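Report on one structure; see the data block that follows.
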Amino acid sequence: MKTNHTKNQTPQPALPSGWSRFHNPGAGRATLLRSLGEQRSTSARQELRRTSLFAAGGRWLALALVVGATVAAQAQTTAKATATVGGGRVVAYTVTDGGAGYTEPPIVTVTGGGGSGATAEAVLDAGVVAAIYPVTTGSGYTSAPQVTISAPVVEPTILSLQMIPLVTLHGFPGDTNQIEATTSLEGVVVWQPVATVVLTNAVQEWYDRVSPPWAWRFYRAVLVGAGSRPTPGLRFVWLPAGQFVMGSPTNEVGRSSDEGPQTVVTLTRGFFMSRYEVTQGEYLSVIGSNPSSFTGDTNRPVEQVSWHDATNYCGQLTARELAAGRLPAGWTYRLPTEAEFEYSSRAGSTNRFSYGDDPGYTQLGNYAWYSANSGGTTHAVGGKLPNRWGLYDTSGNVWEWCSDWYGPYPGGSVSDPQGSVSGSYRVNRSGCWNDSAIYCRVAQHIWLSPTDKYPGTGFRVLLAPVLP
């Protein structure tokens, strides 16, 4: 079995019969494993190599079957050796005393001599150190370093190793989630249930020990039962706590100057976001009137509503649902903050739109009603494709009120920002049926007076615990 040599490594001599070489990067040295004459021992070493590859790409759990401990007996006589330096590097080792009684190769440590980086490995023959070979030659040595030979570390014998993928769930303690997996996100996606997990913490890790090892899989968690929180139905999507970069980079095409400085935002609490803009029918059922310009279909978004109208709707909806027993105490319907809206609209994207940069706006019409395809009117909510988190019309159809006063972003890193403490204007997000494509970008925002009412302005609601 061959090993790859890094800089300053010397070619490895042939080893005595019955031995093979396995380099353990984590230990910073080479470990010699004695062949058991079984295929599974070779497989174990191959699996161990894969460990670093998978660990570099994500978080995994390595489960090893430990059959027993290979205890290295202390040698009756400790071996001794000297080092030879050439050109500032340790180029050779001479065994002056092979010792006796070794059952595993001892550890070779190289110290002193004015240099660093030299490592070596020992080879046994009949319990005696027969030779020591350089693994890395190091550099900067001005004299022969000291060679110390120590008893080997007690390590378990690993016969097999399996990589287990990790799924992290965010939610409320008591929530019941069904973990589902699929092998492809192309075409018709078929999700298969894998396990049911009841959260005991707001953030909980789950390892897939059920699916076959080494299979390519995508995962999702579906809430199937809530603990002590409301169940608002399919018109809402639960969004967990998370972090994103708010605003746009200075080189983004179509950028407005007030979309910065970019700010790292951490939302420490999850929330339910409405999948849709509030419809005329929903507004009519709570307020008893419909102020919209574009009527004829109550599934169109309500518009011609001021910021005060929108917050009044949230307050009355909360009161109605509390009175009906459908909303637990301590929960409220409200407008999203600007940070919550951009977090929801981006759905994990760092691009101009939730689905990508779309420099030619060739895909925007699949996701948004705007000036190029609206025909000069609003349209029923949910008529375009949703973003990756299942939210519709976060670009286009109508502008949407946010709770914040309009003001500059703080820059740096912040948690749960509420916007400026005062101001004259409130923030609007998403663009509308009468706007050009650049106004539908996820970082785009405008400001309006809280009393303004326009046929391009509506809102959507968020359901969350009352802020402390």
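The values are calculated or read from the model by the stated rules, or taken from the named source; none is laboratory data. From a predicted model like this one, the values you see are computed outputs, not experimental measurements. Here the Cβ is made from the backbone with ideal geometry for all residues, glycine too, and neighbour counts use every protein chain on show.
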> Can you name the residue in the stretch 264-274 that is in contact with a Leu (Cβ under 8 Å, 6 or more places away or on another chain) and surrounded by 20 or more Cβ atoms within 10 Å (Cβ to Cβ) and, of all such residues, is nearest to Val398 (Cα to Cα)?
Replying inline: Ser274
>> Let me confirm something: among Val427, Val381, which residue is buried (at least 16 other Cβ atoms within 10 Å of the Cβ), among the β-branched types (Val, Ile, Thr) and part of a strand (DSSP E or B)?
In response: Val427
>> If I ask for residues that are closer than 23 Å to Ala319 by Cα and among the polar types (S, T, N, Q), which ones from the stretch 284-297 would you list?
In response: Ser285, Ser289, Asn290
> When you look at Leu239, is it of a type in the set (A, V, I, L, M, F, W, C), crowded, with 19+ Cβ neighbours inside 10 Å, at pLDDT below 95 and over 30 Å from Ser436 (Cβ atoms), yes or no?
Replying inline: no
> Which residues, taken from the stretch 159-218, are of a type in the set (Gly, Ala, Ser) and touching a Gly at 6+ places or on another chain (Cβ under 9 Å)?
Replying inline: Gly171, Gly174, Ala202
>> Tally up the residues in the stretch 384-400 that are part of a loop (DSSP other than H, G, I, E, B), touching a Phe, Trp or Tyr at 6+ places or on another chain (Cβ under 9 Å) and touching a residue at least 60 places away in the same chain (Cβ under 8 Å), please.
In response: 6
> Which one of Ala329, Ala319 is modelled with pLDDT under 95 and among the aliphatic types (A, V, I, L, M)?
Replying inline: Ala329
>> Quick check on my filter: what residues within the stretch 309-364 are over 26 Å from Pro468 (Cα atoms) and of a type in the set (Val, Ile, Thr)?
In response: Thr350, Thr362
>> Checking Ala443 against (1) farther than 30 Å from Tyr219 by Cα; (2) surrounded by 16 or more Cβ atoms within 10 Å (Cβ to Cβ); (3) among the aliphatic types (A, V, I, L, M); (4) in contact with a Gly (Cβ under 6 Å, 6 or more places away or on another chain): exactly one of these is not met. Which one?
In response: (1)
> Under the condition of being in contact with a helix residue (DSSP H, G or I) (Cβ under 7 Å, 6 or more places away or on another chain) and part of a strand (DSSP E or B), which residue from the stretch 401-423 is surrounded by the fewest Cβ atoms within 10 Å (Cβ to Cβ)?
Replying inline: Asp404
> Hey, among Gln363, Gln316, which residue is farther than 26 Å from Arg426 by Cα and polar (S, T, N, Q)?
Replying inline: Gln363
> Could you list, in sequence order, the residues of the stretch 291-314 that are at negative phi and surrounded by fewer than 16 Cβ atoms within 10 Å (Cβ to Cβ)?
Replying inline: Ser293, Thr295, Asp297, Asn299, His308, Asn312
>> Can you list the strands (runs of 3 or more DSSP E) lying wholly within the stretch 161-257 that have 2 or more residues being in contact (Cβ under 8 Å) with a residue 60 or more places away in the chain?
In response: 236-239, 242-246
> Going by the structure shown, is Phe272 assigned by TED's automatic domain parsing to the domain that holds Trp331, in contact (Cβ under 8 Å) with a residue 24 or more places away in the chain, within 24 Å of Val381 (Cα to Cα) and in a loop (DSSP other than H, G, I, E, B)?
Replying inline: no
> Of all the residues that make up the stretch 362-378, how many are surrounded by 17 or more Cβ atoms within 10 Å (Cβ to Cβ) and of a type in the set (Val, Ile, Thr)?
Replying inline: 1
> How many of the residues in the stretch 294-351 are in a loop (DSSP other than H, G, I, E, B) and either under 28 Å from the mean Cα position of the chain (by Cα) or within 25 Å of Tyr367 (Cα to Cα) (or both)?
Replying inline: 19
> Within the stretch 137-154, how many residues are assigned to a loop (DSSP other than H, G, I, E, B) and buried (at least 21 other Cβ atoms within 10 Å of the Cβ)?
Replying inline: 2
